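The values are calculated or read from the model by the stated rules, or taken from the named source; none is laboratory data. It should be emphasised that the depicted structure is a prediction, and the values quoted were computed from it without experimental measurement. Side chains included, ligands, DNA and RNA excluded: accessible areas come from the protein's heavy atoms. Shrake-Rupley method; radii C 1.70, N 1.55, O 1.52, S 1.80 Å.
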Amino acid sequence: MKYQNMKVILCRMNNILLVAITISISILISAHSQAKPPNVQIVELYEKAKAGDKASLEILFHNARKGNVDAQNGLALMYLNGTGVQNNYLEAFKWCLQAAQQGDPIAQSNLGTMYAQGLGVVRNDTEALNWFRKAAAQGNAQAKLSLGLIYTNGLGVVRDPTEGLNWTRKAAEQGLPIAQNNLGSMYLDGIGTKRNYPEAVEWFRKAAIQGLALAQYNLGVLYAEGQAVPKDVVQAASLYRSSAEQGLAQAQYNLALSYATGTGVKQNDREAFEWFLKAAEQGYISAQNSLGAMYSMGRGVNIDLSNAYKWLTIAQIMALPASIEFNDATRNLSILSEHLLPQQQKKAQQEAAKWVALFRDRELHRKISDYPFQ
């Protein structure tokens with residue numbers, strides 16, 4: 001049985017899935033904001049309340065009710081993530097709105113996100129655009145990036161990739177890593193501008209240097225393919241590892257391929273198996289297919305046809321019908337079925353169905369990302 005669908009994949013603009021329109025409330029400050037630094041005492045209260053300290057939570061509530069925007073933003077994040085309090089989008093929206101109405105650009109950007117995603121409020125693209133514009137007018141980099149995505153994808157506005165590029169560049173120039181990555185993708189694919197490979201590489205590199213896993217991965221793919229940069233599989237593997245160690249499933253998969261084939265690293269089946277497993281457990285279907293192949297061939301692990309059948313069944317369930325991943329899984333399951341008893345197949349299928357159900361439940365209830373404060 002061969003590895004199936006082992007190829008590198010570049011996460012370009014159409015695959016970013018509005019990665020920048022994420023909740024950005026926190027009580028930490030970074031260089032991307034022009035807002036005033038938050039009150040240090042409120043920061044301490046927030047951290048303690050988030051960890052479960054009831055007294056600090058009460059004081060945080062007291063300050064929020066008195067109109068302290070840092071306390072309001074903190075409560076909004078806690079309710080969004082269910083940290084220190086029970087997850088409640090309605091409460092999160094309430095506190096975010098109060099801070100936004102006071103003119104706080106962080107809250108305004110986050111409120112735009114809540115309207116864009118329908119969190120605690122009915123989804124409303126017009127309202128989202130309104131609040132993003134208010135925050136962007138105050139120099140908020142995250143809001144600028146969100147406007148870039150809105151115009152690029154035509155979300156509630158007439159699609160205008162050029163305007164999208166302009167807003168994305170403004171956010172990137174403020175040093176926001178995900179904006180730099182998105183801008184690199186736009187130059188690479190010619191979205192809102194002519195293709196410009198040197199610009200693409202420059203912006204990917206800026207974001208990668210800041211430690212953004214997606215940019216490290218994208219830059220790694222360019223090196224692996226020799227696209228826009230001289231081909232360098234060693235550099236590609238190094239970038240994949242930096243990204244994979246941060247948990248990016250695509251990078252984990254490509255790093256596994258590097259080890260499986262000895263491309264850019266010393267060939268090592270055990271390392272390949274471990275990285276395929278990490279990616280597979282995150283729901284990466286190509287990795288699930290490859291993991292099935294590893295178990296069936298005994299590469300990096302003892303031969304285990306039941307586990308091979310389980311992971312191939314998982315891939316088949318999760319893949320779109322008639323997709324390459326689906327066809328790969330189906331073909332390999334057919335081969336394996338000749339070597340397993342019906343009861344062994346049934347048990348593996350039951351285990352696969354249980355795994356998929358648990359995975360989908362986790363994804364459904366996955367907490368909103370605690371994106372660094374702008």
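Here is how the numbers come out for the structure above:
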read-out	value
The chain: angle of helix 305-318 to the longest principal axis, Cα-based, in degrees nearest 10	40
Length released on extending from residue 133 to residue 166, taking residue separation times 0.36 nm less the Cα-Cα span	10.5 nm
Solvent-accessible surface (1.4 angstrom probe) belonging to residue 169, in square angstrom, nearest 10	60
GNM top mover of 140, 302, 63 - the chain, alpha-carbon springs below 10 Å	302
With Cα atoms, 0 to 90° folded angle of helix 161-173 axis to the chain main axis	80
47, 245, 225, ranked by accessible area, largest first (probe 1.4 Å)	245, 225, 47
Rounded Å value of the spacing that divides the Cα centres of region 262-341 and region 32-103	44
Value of [θ]222 nm, deg cm²/dmol, for the chain, DSSP H segments ≥ 4, -39500 (n - 2.57) each, nearest 500	-20500 deg cm²/dmol
Computed lengthening from residue 339 to residue 157, 0.36 nm per intervening residue step minus Cα-Cα distance	59.9 nm
With every protein chain in place, region 78-197: carbon and sulfur % of accessible area (1.4 Å)	46
Identified option (computed semi-axes √(5λ) of the Cα gyration tensor in Å; candidates [x] 32, 25, 24; [y] 40, 26, 18; [z] 32, 28, 19)	[y]
Surface per residue (accessible, 1.4 Å probe) for the chain, Å²	44
Degrees between helix 69-81 axis and first principal axis of the chain (Cα, 0 to 90, nearest 10)	30
Of all accessible heavy-atom area on region 236-330, the percent that carbon and sulfur account for (1.4 Å)	49
Accessible-area ranking of 278, 231, largest first, probe 1.4 Å	231, 278
